[in-house]
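Asker: Input: one structure, supplied below.
Each value in this text was obtained by applying a stated rule to the coordinates, not by laboratory testing. No experiment lies behind these values; they were computed from the predicted model shown. Cβ placement follows ideal geometry from the backbone for every residue including glycine, while neighbour counts extend to all protein chains displayed.
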Amino acid sequence: MTCSRRRMIVAIVVNILVFAFEVWAMYRGIKKNGPFGNFIFYTECSNLFAGIVCAMCAISEVRALRAGVGISQAMRWLKYMASCVLLMTLFVVTFVLVPMLVNAGYPGFSMMYLDGAKPLTHLGAPLIVTISYVLFEADRSMTFKQSLVGFAPTLLYAAVAYPCNILRVWDGPYPFFQVWNMPIWQSILWFIVLFILAFSLCQIPRLLARRKRSRSGDFAKEGVRS
């Protein structure tokens, strides 16, 4: 068995496992919050997106394995987008929500990382999907401009969340979206900070993939594209 074929099989297994775990996490979330209440959370939306993408990647990789070709550019980009939105979840939970809860007197770490399916949705999925993208699906030719595609799902969520909070259709679901509970300048500052964070996180998978491929010499070994 060649190295590329072995890597493809591992990628398929990882994507199937992530999809299975995400289905379980979605079931837990819907059972707890209901369908609508569950999917107003960025965490749930990002994990749902990642689960769907991993399922699509697994199917694409099975077909590619049988045909002896590489997966499509579209599938590579979707997996990249999934890693970006999950990294956004990980960083916001770690550096925003946990400190806020701790400052409010709550056990922030246990609430965000040990409760229910949160070990998967807040930590496991972001790390596994990002690592698997870098190792298996990363596109060596992705440029800085192309990496902006990873920011699109977060921008779409913000485009829904902010108007819904302004119109008082939603209350949050995160403190920094509660525009009626803070001065206008603070809402603007939060938007800028989150925008910069999401934009910066899009570079992590891209740069890790570039470093990995340059060190392993994979630039000369890229599979067939479509």
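Asker: Take each of the peptides 98-104, 154-160, 120-126, average the number of other beta-carbon atoms within 10 Å over its residues, and list them starting from the highest. Could the numbers behind the result be given before it?
Answerer: Details: 98-104: 13.3, 154-160: 15.1, 120-126: 23.0.
Per-residue Cβ counts within 10 Å, averaged per peptide and sorted highest first, yield 120-126, 154-160, 98-104.
Asker: Take the Cβ-Cβ distance between F199 and C164 as r, set R0 to 25 Å, and report the resulting FRET efficiency rounded to the nearest 0.05. List each step's numbers first, then the result.
Answerer: Numbers: r = 23 Å, r/R0 = 0.90.
Computed FRET efficiency for F199 and C164: 0.65.
Asker: Size of the dipole of the chain about the Cα centre, Lys and Arg at +1 and Asp and Glu at -1 on the beta carbon, nothing else charged, in debye to 20?
Answerer: Details: 22 positive and 9 negative charges, 188 e Å.
Charge dipole, the chain, about its Cα centre: 900 debye, nearest 20.
Asker: Which percent of Cα-Cα pairs in the chain sits in each 10 Å bin, short to long?
Answerer: Distribution as computed: 8, 31, 34, 18, 8, 1, 0 percent.
Asker: So what's the back-of-envelope 222 nm ellipticity for the chain, counting only DSSP H runs of four-plus at -39500 (n - 2.57) apiece and dividing by all residues, rounded to 500?
Answerer: Details: 10 runs with 148 residues, N = 226.
Result for the chain: -21500 deg cm²/dmol, rounded to the nearest 500.
Asker: Running a GNM on the chain with Cα contacts under 10 Å, which residue among S110, S46, S132 ends up with the highest mean-square fluctuation?
Answerer: S110
Asker: Further, regarding this structure: Between A74 and L135, take the C-beta separation as r, use R0 = 25 Å, and let me know the FRET efficiency to the nearest 0.05. Present the calculation step by step, with values, prior to reporting the outcome.
Answerer: Values: r = 19 Å, r/R0 = 0.77.
About 0.85, to the nearest 0.05.
Asker: What do you get for trypsin sites (Lys or Arg not before Pro) in the range 72-158 restricted to DSSP loop and a cutoff of at most 13 other Cβ within 10 Å of the site's Cβ? Please report the intermediate quantities before stating the final value.
Answerer: Working: sites: R76, K79, R140, K145; in loops: R140, K145.
Answer in residue order: K145.
Asker: With label points built 7 Å along Cα→Cβ from the Cα atoms of Y27 and S214, find their separation and express it in nm.
Answerer: Result for the modelled spin labels: 4.5 nm.
Asker: In the range 1-107, what chymotrypsin sites (Phe, Trp or Tyr not before Pro) fall in a loop by DSSP, with at most 16 other Cβ atoms inside 10 Å?
Answerer: Values: sites: F19, F21, W24, Y27, F36, F39, F41, Y42, F49, W77, Y80, F91, F95; in loops: F39, F41.
Loop-located and lightly packed - F39.
Asker: Roughly how far apart, in whole Å, are the Cα centres of the range 145-192 and the range 1-31?
Answerer: Centre-to-centre distance over Cα atoms comes out at 31 Å.
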